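This report refers to the structure that appears directly beneath it.
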Amino acid sequence: MKKINVAVLASGRGSNFKALIDAINAGKVNASIKVLITDNPKAGAIVHAQTAGIPVEVLEKERFSTRNDMDKKIKEILDANAIDLVVLAGYMRIIVDKKLLDAYKYKIINIHPSLLPAFKGSMNAQLDAFQYGCKVSGLTIHFVTEDVDGGPIIHQEAVYIGDCKSPEEVSSRILSKEHEAYPRIVDSFSKGKYVVDGRKTTFIPF
Ligand code: GRF
């Protein structure tokens, strides 16, 4: 089975990126990470990439006059690396360029730390769930479209948080599930395809 070429976009500490690297190295994910793209020169993800020998592209927003220009550069990098799947892992910018979104339609995925549509668009969905008094939250892996956190859902997992004493506890409980689920879903793209019909996705194995 052909390995898929993956690009990861991350802005922060990069624990999901690291989990993906580890899962690939353990032979659990049939993928090769060709490039890490980040908008943050201080991102922890850069250190994980360097340790793993993965090329890094730092795209600081100051270098670009518009958001579209930055997304155009991202598309150039994806095209140059023959990327099959773009994995957003804590990427804190919204992809706005229609050409990029169209060219990579249903090839860009994101992970959000809530059961969407709960806390859609939230920058801190774990804190929001804790403050709301939710007993159950979770994670959602979805396709990226122009609707932020609104693309068709690929996978969801519920996480019980009713006994969590702090938002940090909620975050870490969900995060440990993210680290298992995201690599598994990345791997699934090498084993079949997701057919999207409206909001519904169906996995069809090759
Ligand atoms: C995760 O909670 C993920 O769900 C969200 O951003 C966070 C990224 O964490 N999209 P990390 O950088 O992967 O550690």
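If you place +1 on the Cβ of every Lys and Arg and -1 on the Cβ of every Asp and Glu, how big does the dipole about the Cα centre of the chain come out, in debye to the nearest 20?
Details: 28 positive and 24 negative charges, 79 e Å.
Dipole of the chain, to the nearest 20 debye: 380 debye.
In the stretch 54-135, which trypsin sites (Lys or Arg not before Pro) are in a loop and have at most 13 other Cβ atoms within 10 Å, using DSSP for the loop call?
On the way: sites: LYS61, ARG63, ARG67, LYS72, LYS73, LYS75, ARG93, LYS98, LYS99, LYS105, LYS107, LYS120, LYS135; in loops: ARG93, LYS105, LYS107, LYS120, LYS135.
Listed in order of number, the matching sites are LYS105, LYS135.
For n ≥ 4 DSSP H runs only, could you compute -39500 (n - 2.57) per run for the chain, divide by its residues and tell me the 222 nm figure to the nearest 500? Mind dumping the intermediate values first?
Numbers: 6 runs with 73 residues, N = 206.
My calculation for the chain gives -11000 deg cm²/dmol from helical runs alone.
Please list, ordered by chain and number, the residues whose modelled amide H lies under 5 Å from the amide H of SER11; skip anything fewer than 5 residues away on the same chain.
TYR91, MET92
Regarding the chain, what whole-number volume in Å³ per residue does the convex hull of its Cα atoms give?
It comes to 121 Å³ per residue, whole-number rounded.
Could you tell me how many degrees, from 0 to 90 and to the nearest 10, lie between the Cα long axis of helix 167-191 and the main elongation axis, the longest principal axis, of the Cα atoms of the chain?
40 degrees
Before anything else, pin down the relative contact order of the chain: Cα pairs under 8 Å, at least 6 apart, normalised by residue count, whole percent.
Normalised by residue count, the contact order of the chain is 20 percent.
If you take every DSSP beta bridge fully contained in the chain, what fraction is antiparallel? Give it as a percent rounded to 5.
Once the DSSP bridges in the chain are tallied, antiparallel ones form about 50 percent.
Any chance you could give the angle, 0 to 90 degrees and rounded to 10, that helix 15-25 forms with the longest Cα principal axis of the chain?
Between helix and principal axis, roughly 60 degrees.
Please list, ordered by chain and number, the residues whose modelled amide H lies under 5 Å from the amide H of GLY151; skip anything fewer than 5 residues away on the same chain.
Counting only residues 5 or more places away or on other chains, the set is THR145.
Have a look at THR51, PHE64, ILE83 and report the one farthest towards the positive end of the charge dipole of the stretch 46-94, computed about the Cα centre with Cβ charges (Lys/Arg +1, Asp/Glu -1).
The residue sitting farthest along the positive end of the dipole is PHE64.
Straight-line reach from LYS135: which lysines fall under 18 Å, measuring Cα to Cα and dropping same-chain residues less than 8 apart?
Cα-Cα hits under 18 Å: LYS120, LYS165, LYS177.
Tell me whether the stretch 9-75 comes out rounded, prolate or oblate; compute the Cα gyration tensor, take square roots of the eigenvalues as a ≥ b ≥ c, and use a/c under 1.5 as the rounded threshold.
Verdict is prolate for the stretch 9-75.
Throughout, read-outs are computed from the coordinates displayed, never taken from laboratory work. Please read these numbers as outputs of a predicted model, since none were measured by experiment. Note that each Cβ is placed from the backbone with ideal geometry, even for glycine, and that neighbours are counted across all protein chains shown.
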